[in-house]
Amino acid sequence: VYALHNAPNLEFGRFHTTPGPIMAAADTFTINLTGKGGHGARPHECIDPVVAACAIVQSLQTIVSRNLDPKQKLVISTTQIHTGTTDNVIPEEVYINGTVRTFDKEVQAMAVRRMQAIVDGHAASFDLKAELDFEFGYPPTVNDAAKTDFAAEVAAEVAGEAGVETAFPPVMGAEDFSYMLEARPGAYLMLGQGDGAGVHHPLYNFNDEIAPIGASFFARLVERAQPIAGA
């Protein structure tokens, strides 16, 4: 199985791939904190989940800086914190949400283990209730070495030898094509579309001029992989 993804800010018409991991696993975490709300002028009568949330978010960053082998890759990003409705009330609950990106299952397991320990530890130290929900999402996108070599050969027939990079640095984004690569050997490639806003950005604009290049790649891929007998 093979796939192409358009790639803003990479050279127009140039293919990029690599054997092994090319995109990361993408998991989601949610942390719900429950304390005791009350008046902001009487914090001693409350159990403040906001202070606990700030401590937890900061502590999560130590997993990368102090628990991870520096040669490995891991991203833990807290992307949402929701709580409170006004300036003079300490809320009872805080909702924290974020993403974890990994290439390695052992690193992934370590991250989950440390996140749970941090959440439990802060819950005890702040005397509140805390629940971590970790949702495993897309697995890493891992290219088969032989299929990657084959795809690169085909890409070179379309774009020339200089138009193919075969040592593309893995990125921490994720891709549902990873499920197909778990089921069948294959390769995932990027196709540069030139300068412009990145994907998922509101100003992103697909460069239609790369479509014939991508179509030519797939057509040639079929011709090479499944040649017509006697042709």
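What follows draws every value from the coordinates through simple rules; no lab data is involved. This structure is a prediction, so every number in the text was calculated from the model and none was measured. A quick note on method: Cβ atoms are made from the backbone with ideal geometry, for glycine too, and the neighbour counts reach across all protein chains shown.
Odds and ends about this structure:
- In a reduced charge model with +1 at each Lys and Arg Cβ and -1 at each Asp and Glu Cβ, the chain shows a dipole moment near 400 debye about its Cα centre.
- Listed peptides 59-70, 193-204 by packing density, highest first (mean Cβ within 10 Å): 59-70, 193-204
- When only Cα pairs below 8 angstrom with a gap of at least 6 residues are kept, the chain shows a relative contact order of 39 percent.
- Out of every Cα-Cα pair that the stretch 68-159 contains, those further apart than 20 angstrom amount to 58 percent.
- Selection among Gln108, Pro91, Gly192 by position relative to the dipole of the chain gives Gln108 as farthest towards the positive end (Cβ unit charges, Cα centre).
- Mean separation of Cα contacts under 8 Å, 6 or more apart, over the residue count of the stretch 25-138: relative contact order %: 45
- The stretch 25-138, dipole about Cα centre (Lys/Arg Cβ +1, Asp/Glu Cβ -1), debye to the nearest 20: 420
- Its DSSP H runs of at least 4 residues, each contributing -39,500 (n - 2.57), put the calculated 222 nm mean residue ellipticity of the chain at -10000 deg cm²/dmol, to the nearest 500.
- Net charge in the neighbourhood of Lys147 (other residues with Cβ under 13 Å of its Cβ; Lys, Arg +1, Asp, Glu -1) is -1.
- The lysines whose alpha-carbon is closer than 25 Å to the alpha-carbon of Lys129, local same-chain residues fewer than 8 away aside, are Lys36.
- Counting only the Cα atoms, the chain fills a convex hull of 143 Å³ per residue.
- 26 Å Cα-Cα reach of Lys105 towards lysines, excluding residues that sit fewer than 8 places from it in its own chain: Lys71, Lys73, Lys147
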